[in-house]
Structures are given as structure tokens and as C-alpha cells.
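Enquirer: Got a structure here, written out as C-alpha cells. Questions coming.
The values are calculated or read from the model by the stated rules, or taken from the named source; none is laboratory data. Values in this document were obtained by computation on a predicted structure and should not be read as measured data. Here the Cβ positions follow ideal geometry from the backbone for every residue, glycine too, while neighbour counts run over all protein chains shown.
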Amino acid sequence: MRFGDSPINSEYMTATLDFVACHNMTYVRKYNLIKGLKAGGVFLLNTSWDLEHLSKNLPSEMKRYIAENNIRFYTIDAMKIAHETGMERRINTIMQVAFFKLAHVMPFDEAYEILKKDAQKYAKKSPTIVEQNLKAMALALNGLHEVIVPESWAETTENVIEAVTKETARKKYVFEIVNKTNAFEGDELSVQTLVDNGMTFGDEPLGTTASEKRGIALEVPEWNAQACIQCNECSFVCPHAAIRPFLVDEDEWNQAPEGFHVMDYKGSDGLKYRIQVSVEDCTGCGLCVEACPKKGEALKMIPYEGQEKESVNWAFAQTLKTKENPARPGTIVASQFEKPLFEFSGACSGCGETPYIKLLTQMFGDRMMISNATGCSAIYGGTQATPYTTNEQEQGPAWSNSLFEDNAEYGYGMWLASQTRRQKLAAEVLEALPEMSDDLQNLAKDWVEHLEDSEGTRARAEKMKGMLASEHFNSPKLDAIYKQKDQFVKPTQWIFGGDGWAYDIGFGGLDHIVASGADVNILVMDNEVYANTGGQVSKATPASAIAQFAAGGKSSTKKDLGAMLMTYGEVYVAQIASGANMMQTIRAFDEAEKFKGPSVIIAYTPCISHGLYGGILLALDEAKEAVNSGYWQLYRYNPLLEDLGKNPMILDFKKPDFGKVRDFLLTQSRFGNLLKVDAEHAENLYDKAAKDSRKRFMRYARLSGDLDKFLEREAKALAKKNADLGISTETNLKKERKTRPVDPEREARRAARKAERAAKK
Ligand SMILES: Cc1ncc(C[n+]2csc(CCOP(=O)(O)OP(=O)(O)O)c2C)c(N)n1
Ligand code: SF4
Ligand code: SF4
Ligand code: SF4
């Protein structure tokens, strides 16, 4: 930020600075934070370290700079203050006070009054929040501590930043590209360095985020074996794959480091079970704890400090052998014993998109091909470090991003290429049958017969590979087939993107590819906004949501992409929300992948752009309430069922309470802010949003055959509600009439009126 007496209109990066604040102390070892700080300038660090720890932990380069340039160095333990005042992990108010106190951009008393007044904005929500903020502000003033910089700091020579970087660099690429760009020194990279790292065609090695070890969490989960029920749900919801279940055999257990506590695995004799957190990859979102059925007992958030030892345990867990998955296939537990081939992405802490991608890689990652639309998933998916990685056999997703608008076509091209190669290979296999042994012939015929089948493809491919390994010398034809062994496994083509891509800018292409009948799987991560470019409205944005280009709340209805695609009749379509129903998500992914035609899965995606009051920590509740209120419908439309004479449409949640839509909307600022601007307008739009949700649900219920049941239930509920309120409705009037005692006078009057009418005729 720049400050001056007159408005500053020009935009440029600041190079010489008066004030630098670091709100996350793990950054001190990652970035050259005080580069450009003027002599006599102020450096403020949020930390619990005292002088002894500062001397030990700060990089020498930083200590030297502070000492040589007479930097005024202050610390504050903002996390402690936040906890003491009930503000949990929110430290912004505290750091703001410290900033105004130290930066002198305006008289402090004046700034403090403004901040106090600003805190009153929370009064509408709760007076407690106002009190907490005011208390935190007062404690911030007392908590500021000026560090008396020891003279010895000027003489430190060891360069810690460099030492740490070199130590953690697994590869040349990580050292020369990833670490440089992460330290904001990408501008200094030469073209030659990119060429030397094989990037001429935009290629980059897989699994590089695993080397980043960003250590950005202020708090991390701590596992307690005594209370854990081994449900693996913490691992399922983690957006960053930073908490995972591990199975340990007796030999491995004997080698385990001290503190690597385990419990007996309840599903199989002789195996031990442990939930392990990678504290350096955790972002501290807290979702694992929210998901834990034994929240607060089996898993709880504790300060990162002191948990560094867990890195040793994580490193040990990485050396454990992969065990045969002991859990029942298709379950949540089983899914999480599979290694995620998408880990430690740089998505926002608590992102709702990444758990979907992670789960897909756990289910099909060893044979996945992915084309990705531009959007958040392209940025965290494939910038200088990629979260896509490989299993022990070096198998992993092949990923690429072309453009925003052509993603479906691009994925179709990938599919077509592999399809063409595999069909050519199948023809070669059939032609070479006479040159094969009987056993290989049987295998080869079976392989051709199941060319397009996902189930069992890995096993068939491995068997073919094994037999051909000894027979391929026998003939040039067999040798040519053996050389194409990478084509034996049926790949699974996925096409990822956000709603901005699928509903709007890439819709024409998506529709075209779906209509082609190609066996591709499309995942639409619907956060109902163009998140990556700052929150522009899309056709997926619901009525009443505020977004860019819809500042007064969107007035039109959310597009029903699923219903449009169902009209083809030959497309698998599902709507899911993993935070609300994990099993339905697994089922939909599995069915979509097996379906030999186009599949489209539309996934409800909590996002920081929704402005959840209470923070992204509540993302799972957001998904649950979206479904419970009927705002988001869960369904699977499977054309295969129609072929079996069944109804292809299955509603996976049938008891929505549309009366709760308004409550759901008011948990998020994207809707809630409208109320502050124009309450009447807001209420009208909320009403529309609820009606839109009901209409959509009815549309699906009509298809699934649940409509009558639902209307009946709705009528009964209404009658009960009215009866409770003493209001008469058609249903309870009838009931009343039946049960009302006969009143002779009224009966006589009725008979007289009837006679009068008859006489007139
Ligand atoms: C043709 C084109 N228009 C606009 C852009 C800029 N752009 C890049 S990502 C993006 C938003 C993506 O939104 P969405 O598809 O909803 O994904 P999200 O970021 O929400 O995950 C936009 C507008 C672009 N790259 N290409
Ligand atoms: S706090 Fe968030 S990032 Fe860390 S392990 Fe839990 S879910 Fe994963
Ligand atoms: S969610 Fe809780 S109970 Fe379930 S495995 Fe994780 S720590 Fe254990
Ligand atoms: S903006 Fe939303 S979708 Fe994008 S990375 Fe952040 S939380 Fe995820």
C-alpha cells in the first residue's frame, strides 16, 4: 500500500518500503520478506517467539539486514490474543491495530476511533462479536513488543534461506524453477533455465508440490488414536490431501520413530492403523476436524508450533509399503486407503473443488487423462508446481490445459487420439493371433473383447504384458504389439472445469462433445461464479446472489444444465455435493466412469467467494444445508437403467425443506449483503431463489416418479402447520366438517335455503 497527502493514481509495485508486516511466521524462512525495507523502517512479525527463539529461527540474512539497517523490529502474538478473546483464528483486527500504531500513516487515536466504530458493524449479527473485536484491539496495543536487536545479529554469516531451499530440493526443476518462483524471484529466470528444465513445450515433471512444504498453517489437526473410529472421513474431506490413513505391518511398526502412535486396524488382523498429518502441507482449514464424527476427541486443531516433529512421522509414513486395500470396495473407507494422485495444491485453504479431483485420482488416477478448462483448477493444477503425481509404479494422470472456451473439444481430441491408437492396436492383435501361444491367444481375445471396459482393465493389461514379455521375440508382429504396451490399459478421459466454462463460455463445445456420444467424463465444479477472475456472474449463479455484473443481486434463474443434458436421453448426468453425501459422490463417479458414453457430473462447490459467515471452516455445513433446504438437488440420471426397463432418474435426497432456503442463503455474504442494501428487494429475490429451487426439484421428482409422494407430503406438512397455527385449509376443513358435531339450527337453515332454491326453479 502507498499513502500520501494527495491521491495516488498510478499503479506500480513498491520497491522501497517504510513498513513490512508478516502475519504468518512460517514465511520468514521462505521469502526475503524485508527486501527493500528502508533503513530505520519498521518490521512487524506475528509470532510467539521470544528473543532466544528469534535468534535461533530467523534466517541469518534477515537478522543481518535488521541489525545493519537499524530496522525497528516488533513482534505480536496475534494468535494468542485471538484465542483469548474468542476470535478463534481471526487475527486481522489485531494486526490492523498494530499497523496503525506503528506505521504512522495517520494519527493513531484517529485511526483507533475509526476501527472501533467499524467493529460496530458486527452488532447486527451479535453484540458478542463487537465485544470480542474491541477487546482484541485493546489487547493488541498491550501485546506489541519491541525487540531489542542484539549486536551479534550483524555478524551472523550462515545463509539459512539457501540452506533450507537446497535441503528440500528434490530435483533440479524444483530447485531452479519451483523454489525461485515461490520466492517471487521468477523474473530472474532465464529462458535457458526453462529450456534446460525441459519446458520448451510447456512440459513439467509430476509431483512437484510435494517439495514445496509451504508450512502456512497456524493450526494443524492432532490425532488421538484412543478415540478414532477409523472412518477415514477426515481424509475424504481434506482439500489438500494433508491428512491420510496409513496401514502398518509388524515389521514396519518395529522401525517406526518414537511418537508414531498406532492402533489395531479393525478390518484386518495384524495390521495397525494411523492417521498421519503432513503439518507442512496442511493449510489449517479445519475441515477434517469438522468432518470427524469424534470431533474434539479423535481430532482437534492445535497450534502448528511444536508439531514440526510430525514431519518426521510423515516422512516415515511415506516409506510404508502399499498394502492391498482391506476395506469393502466402493466405500468411503476404501477410497481413502488409495494414494491420492493429486496432493498439496495451492488452491485456497478449504477449497471445495479439490476434494472432488482428489477423490477421482484415488479411484482412477493411474489411468486418467485430463483436459482442464482455464479457471481455478487450471491454476492450482498446473502452474510452476503441479499437484498431480504418480503411484509406486510411476502411473498417474496425464493433465493438460488448453483454453477456457475449447476445453471439451480439447478433451475430446485427447480421447479420440487414444481411441484411434487402441482400435488400431486391437486390429493388430487380432491379426497376430496365429503367431501366439494358446494361452496368449485366449488372453488377447479376452483383451479385444473388453477393449472398452474399465472394470478389470488393469488386470487384463498386466496379464497381456506379462505373457508378451516372453513371446514378443517370436515375431515382428508380436514385438510391434509389445512396444505399444502403454495402450493395453483403457484410459479414462476426464474433462474438468468450472461453471463459467461449462454453463457459459464453453457451453457450445460441451454440448457438441456430449452430442457426439464420446466416452468422456465431464466434471463441472459449480461454485456458481467465475471465481478465478474475481467473481463474475455466470448462468449458474442463482437468483439473489451478488456477483460482479449483478451488484443488485442476480434477478434471473440459475440455468438447469443437468436437465438440458438429460434431454439427449443417452447421457449420464448427476448432481452431487460431497460435503452433504460422500457415498452418493462415490457412486456417481463410479457410474459415470463405467458408462460407455458421455457423462456429466455437476458438483456443488463451496468457495471462498461465497463469503461464508464463520469462514470456510463451515464449508461442509454449507453443502449439507444446500441439500437439506432443497437449494441443491442430488440425483443420478443413468440411461443404462432405462435399457433395463427401469426409471433412469434417481433422486438421492427426497425430503427438502424449502422453508429453509432463506436461512441457507443468509449464511453467506453473497446473499446476505443484499439485505443490508435493500431489504424489500432482497426478500423478493430470496423468495424467487426458494421458488426456483422448488421448481427444479419438482422437475426432477416428476422424472423420478416421486412427484405425487412429495406433493402429498408437502400438503400434509402444510395442513399440520396451519392446524398448529389455527388456520383452516381445504384439507383440514374437510376433516373439520367430518368431525364437527351436528348443529340442528344450522341444519334447519340449510334445508330452508335448499327448499327456496328448488321453489325458484
Ligand atoms: C475466452 C476467455 N474468456 C475469459 C477468460 C478469462 N478467464 C480465465 S478463468 C475465468 C473464470 C473461470 O471461471 P469458472 O469456469 O467458473 O471456474 P472457477 O475459476 O470458478 O473455478 C475467466 C473469465 C479466458 N481465459 N478466456
Ligand atoms: S486442517 Fe485442512 S488442510 Fe489441514 S489436514 Fe485438516 S482438512 Fe487438511
Ligand atoms: S474422521 Fe475422526 S474418527 Fe474418522 S478416521 Fe479421522 S480422526 Fe478417526
Ligand atoms: S476461489 Fe474458490 S474455487 Fe477457486 S481455489 Fe479458491 S476456494 Fe477454490
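Enquirer: Would you mind telling me which numbered condition in (1) without any contact (Cβ under 8 Å) to a residue 60 or more places away in the chain; (2) within 16 Å of ligand 1 (Cβ to nearest atom); (3) not polar (S, T, N, Q) Met564 fails?
Expert: Just one mismatch for Met564, condition (2).
Enquirer: Sticking with this one: Residues that are acidic (Asp, Glu) and closer than 25 Å to Leu17 by Cβ: which helices (runs of 4 or more DSSP H) entirely in segment 52-103 hold 2 or more of them?
Expert: Here the list reads 60-68.
Enquirer: Take the residues in segment 588-627 that are closer than 29 Å to Arg90 by Cα and of a type in the set (Asp, Glu); name whichever of them is surrounded by the fewest Cβ atoms within 10 Å (Cβ to Cβ).
Expert: The residue in question is Asp621.
Enquirer: Still on this structure: Taking Thr374, is it more than 16 Å from ligand 2 (Cβ to nearest atom) and at pLDDT below 95?
Expert: no
Enquirer: Would you pick out the residues in segment 274-304 that are assigned to a strand (DSSP E or B) and buried (at least 20 other Cβ atoms within 10 Å of the Cβ)?
Expert: The answer is Arg274, Ile275, Gln276, Val277, Leu299, Met301.
Enquirer: Taking the stated definitions as given, is Glu258 in a loop (DSSP other than H, G, I, E, B) and away from ligand 1 (no atom under 16 Å from the Cβ)?
Expert: yes
Enquirer: To continue, here is another question. Just name the residue that is nearest to ligand 4 (Cβ to nearest atom) out of those in segment 526-543 that are of a type in the set (Ser, Thr, Tyr) and over 14 Å from Gly506 (Cβ atoms).
Expert: Checking each candidate, the answer is Thr533.
Enquirer: Could you check segment 321-342 and list, in sequence order, the residues that are surrounded by 17 or more Cβ atoms within 10 Å (Cβ to Cβ) and either in a helix (DSSP H, G or I) or over 22 Å from the mean Cα position of the chain (by Cα) (or both)?
Expert: Of everything in segment 321-342, those that are surrounded by 17 or more Cβ atoms within 10 Å (Cβ to Cβ) and either in a helix (DSSP H, G or I) or over 22 Å from the mean Cα position of the chain (by Cα) (or both) turn out to be Ala327, Ile332, Val333, Ala334, Ser335, Gln336, Phe337.
Enquirer: Still on this structure, I have one more. Would you mention how many residues in segment 343-374 are in a helix (DSSP H, G or I) and either away from ligand 4 (no atom under 12 Å from the Cβ) or within 21 Å of Val277 (Cβ to Cβ) (or both)?
Expert: Selection size over segment 343-374: 13.
Enquirer: Considering only segment 648-664, how many residues are among the acidic types (Asp, Glu) and under 11 Å from Tyr686 (Cα atoms)?
Expert: 1
Enquirer: Checking the condition within 16 Å of ligand 3 (Cβ to nearest atom) and more than 25 Å from Met414 (Cα to Cα), which residue from Ser538, Ser555, Ser578 passes?
Expert: Exactly one of Ser538, Ser555, Ser578 is within 16 Å of ligand 3 (Cβ to nearest atom) and more than 25 Å from Met414 (Cα to Cα), namely Ser578.
Enquirer: Within the set of pairs 6+ apart or on separate chains, which have a first residue in segment 223-243 that is within 16 Å of ligand 4 (Cβ to nearest atom), a second that is among the hydroxyl-bearing types (Ser, Thr, Tyr), and C-beta atoms under 6 Å apart?
Expert: Pro239/Thr354; His240/Thr283; Ala242/Ser278
Enquirer: Looking at segment 256-279, is at least one residue within 9 Å of ligand 2 (Cβ to nearest atom), in contact (Cβ under 8 Å) with a residue 12 or more places away in the chain, touching a strand residue (DSSP E or B) at 6+ places or on another chain (Cβ under 7 Å) and among the hydrophobic types (A, V, I, L, M, F, W, C)?
Expert: Yes.
Enquirer: Hey, could you check segment 39-80 for residues that are among the aliphatic types (A, V, I, L, M) and farther than 19 Å from Ile94 by Cβ and say which is surrounded by the fewest Cβ atoms within 10 Å (Cβ to Cβ)?
Expert: Ala39
Enquirer: From the list Asp499, Asp511, which one is out of contact with any helix residue (DSSP H, G or I) (no Cβ under 7 Å at 6 or more places or on another chain), within 16 Å of ligand 4 (Cβ to nearest atom) and either assigned by TED's automatic domain parsing to the domain that holds Glu449 or acidic (Asp, Glu) (or both)?
Expert: On inspection, the qualifying residue turns out to be Asp499.
Enquirer: Moving on to the next point. In segment 104-126, is there at least one residue being in a helix (DSSP H, G or I), surrounded by 14 or more Cβ atoms within 10 Å (Cβ to Cβ) and in contact with a strand residue (DSSP E or B) (Cβ under 6 Å, 6 or more places away or on another chain)?
Expert: No, segment 104-126 contains no residue that is in a helix (DSSP H, G or I), surrounded by 14 or more Cβ atoms within 10 Å (Cβ to Cβ) and in contact with a strand residue (DSSP E or B) (Cβ under 6 Å, 6 or more places away or on another chain).
For (1) buried (at least 16 other Cβ atoms within 10 Å of the Cβ); (2) of a type outside the set (Val, Ile, Thr); (3) assigned to a helix (DSSP H, G or I); (4) in contact (Cβ under 8 Å) with a residue 12 or more places away in the chain, each residue gets a yes or a no:
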| site | (1), (2), (3), (4) |
| --- | --- |
| Leu430 | no, yes, yes, yes |
| Pro434 | no, yes, yes, no |
| Asn442 | no, yes, yes, no |
| Glu455 | no, yes, no, yes |
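Enquirer: Now, a different point. Going through Ser55, Ser60 one at a time, which residue ends up being of a type in the set (Ser, Thr, Tyr), touching a helix residue (DSSP H, G or I) at 6+ places or on another chain (Cβ under 8 Å), in contact (Cβ under 8 Å) with a residue 60 or more places away in the chain and closer than 28 Å to Gly186 by Cβ?
Expert: Ser60
Enquirer: Given the conditions (1) away from ligand 1 (no atom under 16 Å from the Cβ); (2) within 24 Å of Gly286 (Cβ to Cβ); (3) at pLDDT 95 or above, and given that Met698 satisfies all but one, which numbered condition is not satisfied?
Expert: Status for Met698: all satisfied but (2).
Enquirer: Within segment 375-390, count every residue that is of a type in the set (Val, Ile, Thr) and part of a helix (DSSP H, G or I).
Expert: Matching residues across segment 375-390 total 1.
Enquirer: Could you go through segment 31-38 and let me know if any residue there is basic (Lys, Arg) and either crowded, with 20+ Cβ neighbours inside 10 Å or assigned by TED's automatic domain parsing to the domain that holds Asn179 (or both).
Expert: No: segment 31-38 contains no residue that is basic (Lys, Arg) and either crowded, with 20+ Cβ neighbours inside 10 Å or assigned by TED's automatic domain parsing to the domain that holds Asn179 (or both).
Enquirer: Among the listed residues Gly350, Gly296, identify the single one that is within 15 Å of ligand 2 (Cβ to nearest atom), small (Gly, Ala, Ser) and in contact with a Leu (Cβ under 8 Å, 6 or more places away or on another chain).
Expert: None of the others qualify; the one that does is Gly350.
Enquirer: Identify all residues within segment 337-370 that are of a type in the set (Ser, Thr, Tyr) and more than 17 Å from Asp590 (Cβ to Cβ); write none if there are none.
Expert: Ser345, Ser349, Thr354
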